[in-house]
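Note sheet for the following structure.
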Amino acid sequence: MNSINKNSQEFSEGVTNWYLLNGRESLPWRRNVSGYKVWISEIMLQQTQVKTVIPFYKKFIKKYPNLESISSATEDDILALWSGLGFYRRAKNIYKSKEIIKKEYKNRFPRKFNELMLLPGIGRSTAGAIMSIAYKKSYPILDANVKRVISRYEKIDMSDKDVMKKLWMLSEFLTPINNIFEYTQGIMDLGATVCISRSPNCIQCPLNQSCKSAYETFDINKKIKKEKSKKKIYFTLAHSKKSFLLFKKNDKTFWESLWIPYDNQNLKKSNIFKEPYKSEVKNLNHALSHVDLDITIEIFDYKKPFKIETNLEHQWINKNQIDKFGLPKPIKSIIENYV
DNA sequence: AAAACGTGGGT
DNA sequence: TACCCAAGTTT
């Protein structure tokens with residue numbers, strides 16, 4: 001049994017002072033901070049690396065710099081800006097949340113932790129980040145960076161059943177009352193640049209005197225992972241010189257509410273397509289988090305759009321309007337060859 | 001409460 | 001190449 005370091009003050013001051021000298025001040029969401037902008041950035045950053053998020057965040061904020069500007073956006077508008085970022089439920093939750101904020105908070109972004117927690121897509125860590133970064137209130141967070149830093153600092157057994165509970169208690173204990181803005185950003189920056197996953201740079205770490213794992217080497221976590229399932233999908237992409245025929249995906253398995261080509265998955269004979277004047281077939285693999293997709297896509301060229309007999313939601317989308325729609329990455333990549 | 005949910009960075 | 005894993009939340 002190892003005892004917890006006595007003072008959390010040494011920890012938080014170490015983090016805060018380090019941040020003042022080494023913090024990543026240039027990150028786009030650290031300029032002109034607002035509750036709204038911290039919210040958008042925190043949602044984008046869930047399970048997604050900073051480097052990946054930056055261009056998406058900039059594009060998003062350029063179009064929707066504040067709550068007022070996003071208040072009349074449709075779900076499709078928001079999904080379009082999310083296209084290629086992944087975990088699309090996050091975009092759908094942003095849509096739902098801003099509708100709630102409009103109706104229940106007179107379109108003023110919530111300032112209270114409990115109010116934030118009620119919004120879809122905001123859990124304890126994201127609510128804590130908004131409270132501490134946007135409003136400078138002392139709330140703990142527990143993202144991947146904080147987990148790594150504090151679990152090493154106190155040498156927590158990560159295979160323990162209720163690590164999460166332990167880690168939250170520890171994060172709460174270590175989170176200071178003062179300088180909460182600097183501390184919260186600092187501990188994330190420290191985790192992202194010094195206390196990194198593979199080979200931490202302990203020599204540069206402000207906590208290397210009291211850290212219980214200082215100068216240790218870390219094995220990669222070998223988790224028992226179950227076999228990833230494979231799935232074959234067959235698409236038919238119809239297009240004319242000026243437009244693509246796309247369908248709105250309706251099932252929850254993946255890419256819900258995004259626009260995709262006609263799904264021929266069961267190889268059902270459909271007679272909704274006329275004979276194209278030209279066609280080709282492409283094949284590609286695409287890995288999702290839980291399924292490996294084997295995609296076969298037939299591409300039908302037509303002289304002009306034609307009427308489709310189906311109940312499925314669909315649209316002939318003008319090629320110069322394609323960026324107004326949310327498309328999954330591999331579909332977007334294919335389509336770009338025919339624009 | 002384990003599994004679902006996307007995509008790309010880094011080794 | 002293959003594999004881990006990333007500013008997590010929801011069901």
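Quick one: ranking A:His290, A:His239 by accessible area, 1.4 Å probe, largest first, what do you get? All intermediate terms of the calculation are to be shown ahead of the outcome.
Values: A:His290 95, A:His239 10 Å².
Putting A:His290, A:His239 in descending order of accessible area: A:His290, A:His239.
Taking the inverse of the mean 1/r over every pair of distinct Cα atoms in region A:229-336 gives a Kirkwood hydrodynamic radius of 14.3 Å.
Across the protein chains, with a 1.4 Å probe defining accessible surface, the residues A:Arg89, A:Arg111 rank A:Arg89, A:Arg111 from largest area downward.
Ignoring lysines fewer than eight residues from A:Lys212 along the same chain, the ones with Cα atoms less than 18 angstrom from its Cα are A:Lys6, A:Lys147, A:Lys155, A:Lys166.
Here the contact order of chain A, divided by its residue count and restricted to Cα pairs under 8 Å and six or more residues apart, works out to 18 percent. When only the Cβ of Lys, Arg, Asp and Glu is charged (+1, +1, -1, -1), the dipole of chain A relative to its Cα centre reaches about 740 debye.
The largest-to-smallest principal axis extents of the Cα set in region A:8-204 are 49, 34, 30 Å. With the charge dipole of chain A set up from +1 on Lys and Arg Cβ and -1 on Asp and Glu Cβ about the Cα centre, the Cα lying farthest toward the positive end among the listed residues A:Met188, A:Leu207, A:Trp82 is that of A:Trp82.
Of the residues A:Leu288, A:Asn178, A:Ile233, the one whose Cα sits farthest towards the positive end of the charge dipole of chain A is A:Ile233 (charges of +1 on Lys and Arg Cβ, -1 on Asp and Glu Cβ, taken about the Cα centre).
Mind scanning A:Lys304/A:Lys324; A:Lys242/A:Lys307; A:Lys228/A:Lys252; A:Lys248/A:Lys319; A:Lys230/A:Lys332; A:Lys58/A:Lys103 and naming the pairs with a C-alpha gap bigger than 23 Å?
In this structure, A:Lys58/A:Lys103 lie more than 23 Å apart at Cα.
Residue order by solvent-accessible surface for A:Ser97, A:Ser159, A:Ser229 is A:Ser159, A:Ser229, A:Ser97, largest first, with ligands and nucleic acids left out and a 1.4 Å probe. Scaling the Cα radius of gyration of chain A by the globular reference 2.2 N^0.38 Å produces a ratio of 1.18. For chain A, the longest principal axis of the C-alpha atoms and the axis of helix A:180-193 are separated by about 70°. For region A:8-204, the per residue solvent-accessible surface stands at 49 Å², with DNA, RNA and ligands left out and a 1.4 Å probe. How far is helix A:8-22 tilted off the main Cα axis of chain A, in degrees rounded to 10, range 0 to 90? Its long axis makes an angle of about 60 degrees.
The values are calculated or read from the model by the stated rules, or taken from the named source; none is laboratory data. Being a predicted model, the structure only gives us computed values, none of them experimental. Positions of Cβ are generated from backbone atoms using ideal geometry, with glycine treated the same way; all protein chains shown enter the neighbour counts. Note: areas computed on protein heavy atoms with side chains; ligands, DNA, RNA excluded. Shrake-Rupley method; radii C 1.70, N 1.55, O 1.52, S 1.80 Å.
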